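Trainee: Encoded as structure tokens, here's the structure I'll be asking about.
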Amino acid sequence: MIRPIVLYGSPILRQKALKIEADDPDLNQLIKDLWETMYNADGVGLAAPQIGVSKQVFVVDARELQPPEEPPFRAVFINPRILDRAPVYTLQEEGCLSIPGIRERISRSSDIEVEYLDEDFSLHRQRFRGIVARIIQHEYDHLIGRLFIDYLSPIKRQLLRRRLRYIAAGEVEAHYPFAYAK
């Protein structure tokens, strides 16, 4: 089911999401909804808080942004932890489905190590690089109440303040359903 995407200003985007237990009866449907909602919005990643669910799960499909020589990457991350971030950072433009219409250059580690559970609750510990590492870091931030705009300088955030107020009020255009905090 396609769910509305929660917009900037909603308190759930600033909360730490709750861990998921293996016997969570809603998990399979939640994962299906994340995929459907993400694809409907033309996204490459989506975290549960972005659809109003405070649970530690996100989905990533980086295939459209990956270089052709890389193997295509698509995965579910449950209760992830970033264990290591390489000290080499890259600057690249990012956007967010919860903050439509704003894209900014953000510095993130180019290489990370992540421990996570997949949809079958199998444990993985894996290194990621490049665009896949960037998307994972972006989605992981949603699980800890952080947004990509938090990485901007205070001056840049001040310049975006008016646009962010419009987004929080739901005064935006998006080709996907969204929910906003009033």
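Trainee: Is the stretch 3-17 home to any residue that is surrounded by 13 or more Cβ atoms within 10 Å (Cβ to Cβ) and touching an Asp or Glu at 6+ places or on another chain (Cβ under 6 Å)?
Mentor: Scanning the stretch 3-17 turns up at least one residue that is surrounded by 13 or more Cβ atoms within 10 Å (Cβ to Cβ) and touching an Asp or Glu at 6+ places or on another chain (Cβ under 6 Å).
Trainee: Search the stretch 157-182 for residues that are over 17 Å from Glu104 (Cα atoms) and pair each with any residue that is of a type in the set (Phe, Trp, Tyr) and part of a helix (DSSP H, G or I) when their beta-carbon atoms are under 8 Å apart and the residues are at least 6 apart or on different chains.
Mentor: Every condition considered, the pairs that remain are Val172/Tyr166.
Trainee: Give the stretch 83-104 a look and list any residue that's within 27 Å of Ile167 (Cβ to Cβ), more than 14 Å from the chain's Cα centre (by Cα) and of a type in the set (Val, Ile, Thr), or say none.
Mentor: Passing the criteria: Thr90, Ile102.
Trainee: Another question about this same structure. Could you please let me know if Arg127 is touching a residue at least 12 places away in the same chain (Cβ under 8 Å) and touching a helix residue (DSSP H, G or I) at 6+ places or on another chain (Cβ under 9 Å)?
Mentor: Taking the combined requirement at face value, the residue satisfies it.
Trainee: If you don't mind, another one. Quick one: Ile106 ticks every box in (1) among the β-branched types (Val, Ile, Thr); (2) within 17 Å of Val44 (Cβ to Cβ); (3) touching a residue at least 60 places away in the same chain (Cβ under 8 Å) bar one, so which box is it?
Mentor: Ile106 satisfies every listed condition except (3).
Trainee: Quick one: what pairs do we get from the stretch 72-88, first residue of a type in the set (Phe, Trp, Tyr), second part of a strand (DSSP E or B), C-beta under 6 Å, 6+ apart or different chains?
Mentor: Phe77/Phe58; Phe77/Tyr116
Condition check ((1) over 22 Å from Glu119 (Cα atoms); (2) of a type outside the set (D, E, K, R)) across all residues:
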residue	(1), (2)
Thr37	no, yes
Gln56	no, yes
Leu65	yes, yes
Phe73	no, yes
Gln92	yes, yes
Pro100	yes, yes
Arg103	yes, no
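Trainee: Just to check your reading of the model, which residue among Ile51, Ile78 is in contact with a strand residue (DSSP E or B) (Cβ under 8 Å, 6 or more places away or on another chain), of a type outside the set (Lys, Arg) and within 24 Å of Arg108 (Cα to Cα)?
Mentor: Going through Ile51, Ile78 in turn, just one is in contact with a strand residue (DSSP E or B) (Cβ under 8 Å, 6 or more places away or on another chain), of a type outside the set (Lys, Arg) and within 24 Å of Arg108 (Cα to Cα): Ile78.
Trainee: Hey, another quick one. Output the residues belonging to the stretch 16-30 that are assigned to a loop (DSSP other than H, G, I, E, B), under 16 Å from Leu143 (Cβ atoms) and out of contact with any Gly (no Cβ under 6 Å at 6 or more places or on another chain).
Mentor: Ala17, Lys19, Ile20, Glu21, Asp24
Trainee: When the stretch 1-49 is examined, which residues are found to be in contact (Cβ under 8 Å) with a residue 24 or more places away in the chain and among the acidic types (Asp, Glu)?
Mentor: Asp24, Asp33, Glu36, Asp42
Bear in mind these aren't lab numbers, they're just calculated from the coordinates by the rules spelled out. Note that the structure is a prediction, hence the values are computed from the model and not measured. Every residue, glycine as well, gets a Cβ built from its backbone with ideal geometry; the counts of neighbours run over all protein chains shown.
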